[in-house]
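J.: First the structure, then my questions, so here it is.
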Amino acid sequence: MTDNPDLKSAYALSGPEEALALYRAWARTYDKDFGTAQGYQLPRAVVEAFVAHGGVGPILDVGAGTGLVGQHLKGAGLGPADALDFSQEMLDVAAQKGLYRDLARADITK
């Protein structure tokens, strides 16, 4: 992993330990470095698809990261939502936004 986490570093990951290290290091700047800089539209599209298919709460945001999907869920008036991610640092950023009822750290591959 590089000292400057970015999309190129994410694509070069070779396992869960490298992924965890990357997202730990990237957590504080992820929204700006990736969400905004890359024009990341998937969180919005996920919530739009959820709504289009009749989705309602409660919601479990698996791989919640810093809460990019949670922001769109809240904007759509959906919830309550809980967050699950394997990076505590990413969840810490999400927690600061006040989007989720509960946040939990877990590795869904185990």
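The values are calculated or read from the model by the stated rules, or taken from the named source; none is laboratory data. What you see is a predicted model; the values in this text were computed from it and never measured. Reconstructed Cβ throughout: ideal geometry from the backbone, glycine too, with neighbour counts over all protein chains shown. Surface areas here come from the heavy atoms of the whole protein model, side chains and all, with no ligands, DNA or RNA. Shrake-Rupley method; radii C 1.70, N 1.55, O 1.52, S 1.80 Å.
J.: Report relative contact order for the stretch 20-94 in percent, whole number only (criteria: Cα-Cα under 8 Å, sequence separation at least 6).
T.: Result for the stretch 20-94 is 39 percent.
J.: Right, next: Amide H neighbours of Ala64 under 5 Å, at least 5 residues apart or on other chains, H built in the peptide plane: list them.
T.: Long-range HN contacts for Ala64: Leu84, Asp85.
J.: Multiply the residue separation of Leu42 and Leu60 by 0.36 nm, subtract the distance between their alpha-carbon atoms, and state the gained length in nm to one decimal.
T.: Going from the current span to full extension adds 4.8 nm.
J.: Using percent of Cα pairs over 20 Å apart as the read-out, say which of [x] 49; [y] 40; [z] 53 was calculated from these coordinates.
T.: [y]
J.: Under a straight-distance cross-link criterion of Cα-Cα below 20 Å, which lysines are reachable from Lys8, leaving out those fewer than 8 residues away in the same chain?
T.: Reachable lysines: Lys32.
J.: Taking the Cα centre of the stretch 29-110 as origin, sum charge times position over the Cβ atoms of Lys and Arg (+1) and Asp and Glu (-1), and report the length of that vector in debye to the nearest 20.
T.: That gives the stretch 29-110 a dipole magnitude of about 160 debye.
J.: Could I ask something else about it? Keeping all protein chains in place, calculate the accessible area per residue for the stretch 71-110 (probe 1.4 angstrom), answer in Å².
T.: On a per-residue basis, 59 Å².
J.: If you roll a 1.4 angstrom probe over the protein chains with everything in place, what fraction of the accessible area of the chain belongs to carbon and sulfur, to the nearest %? Walk me through the numbers before you get to the answer.
T.: Values: 3620 of 6700 Å².
Of the solvent-accessible surface of the chain, carbon and sulfur hold 54 percent.
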